[in-house]
Amino acid sequence: MNIIKKTALTFFMAISLGALSATALAEEAADSSATNETIVHVEKALAEVNKSDFSAANLHFKAARAASEKITGHEDIVKQANESVIKGQIESKRGDVKKSAAELNKALELYKSL
């Protein structure tokens, strides 16, 4: 009877550890895809700003900010990058292509460092 209890306990521990590691991998994959999605939208916003198409850039700004909310960990870097995106959005609304592009480049560097 003792052998059966030990075997059952070992079996359940192995299953629970396997489930935890699968959950950790899924969270890491989700975080990576959110980071990639954010980078893509910031790059598209930068391209639109450089073409002086501020209405299309505004859509990418909003999408980048929404995607960045899904990024977990590195809160300080994400916060700095978000601030740069917001500053870039403000500068694009003012029509200043150079300042907006500079802020977006800062944000890209920060997001790519993740």
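The values are calculated or read from the model by the stated rules, or taken from the named source; none is laboratory data. Not measured: the values here are computed from a predicted model. Cβ coordinates were reconstructed from backbone atoms using ideal geometry, including for glycine residues, and neighbour counts include every protein chain displayed.
If you take the residues in segment 91-114 that are free of Cβ contacts under 8 Å to residues at least 40 places away in the same chain and surrounded by 14 or more Cβ atoms within 10 Å (Cβ to Cβ), which one is nearest to Thr38 (Cα to Cα)?
Of all residues in segment 91-114, those free of Cβ contacts under 8 Å to residues at least 40 places away in the same chain come to 91, 93-94, 96, 98-99, 102-103, 106, 109-110, 113.
Cutting the leftovers down to surrounded by 14 or more Cβ atoms within 10 Å (Cβ to Cβ) gives us 91, 96, 99, 102-103, 106, 110.
Values: Glu91: 19, Asp96: 22, Lys99: 20, Ala102: 17, Glu103: 15, Lys106: 14, Leu110: 11 Å.
Step by step, filter segment 91-114, then rank; the result is Leu110.
Condition check for Ala34 on (1) surrounded by 16 or more Cβ atoms within 10 Å (Cβ to Cβ); (2) at pLDDT 90 or above; (3) closer than 16 Å to Ser113 by Cα: one failure, at (2).
Any residue that is at pLDDT 80 or above and either on the phi < 0 side of the Ramachandran plot or surrounded by fewer than 19 Cβ atoms within 10 Å (Cβ to Cβ) (or both) - is there at least one of those in segment 9-27? I'd like the intermediate steps shown before the answer.
Our first condition is that a residue be at pLDDT 80 or above; within segment 9-27, this holds for none.
Looking for residues that are at pLDDT 80 or above and either on the phi < 0 side of the Ramachandran plot or surrounded by fewer than 19 Cβ atoms within 10 Å (Cβ to Cβ) (or both), one finds none in segment 9-27, hence no.
Could you please find all residues in segment 70-85 being crowded, with 19+ Cβ neighbours inside 10 Å and of a type in the set (S, T, N, Q)? Break it down stepwise before answering.
Residues of segment 70-85 that are crowded, with 19+ Cβ neighbours inside 10 Å, as a first pass: 71, 78, 81-82, 84-85.
Correct list: Asn82, Ser84.
Out of segment 63-81, which residues are of a type outside the set (A, V, I, L, M, F, W, C), free of Cβ contacts under 8 Å to residues at least 40 places away in the same chain and over 10 Å from Thr38 (Cα atoms)? Those that are of a type outside the set (A, V, I, L, M, F, W, C), free of Cβ contacts under 8 Å to residues at least 40 places away in the same chain and over 10 Å from Thr38 (Cα atoms): Glu75, Asp76, Lys79, Gln80. Checked against the criterion of being modelled with pLDDT of 85 or more and under 15 Å from the mean Cα position of the chain (by Cα), the candidates Ser55, Ser68 yield just one match: Ser68.
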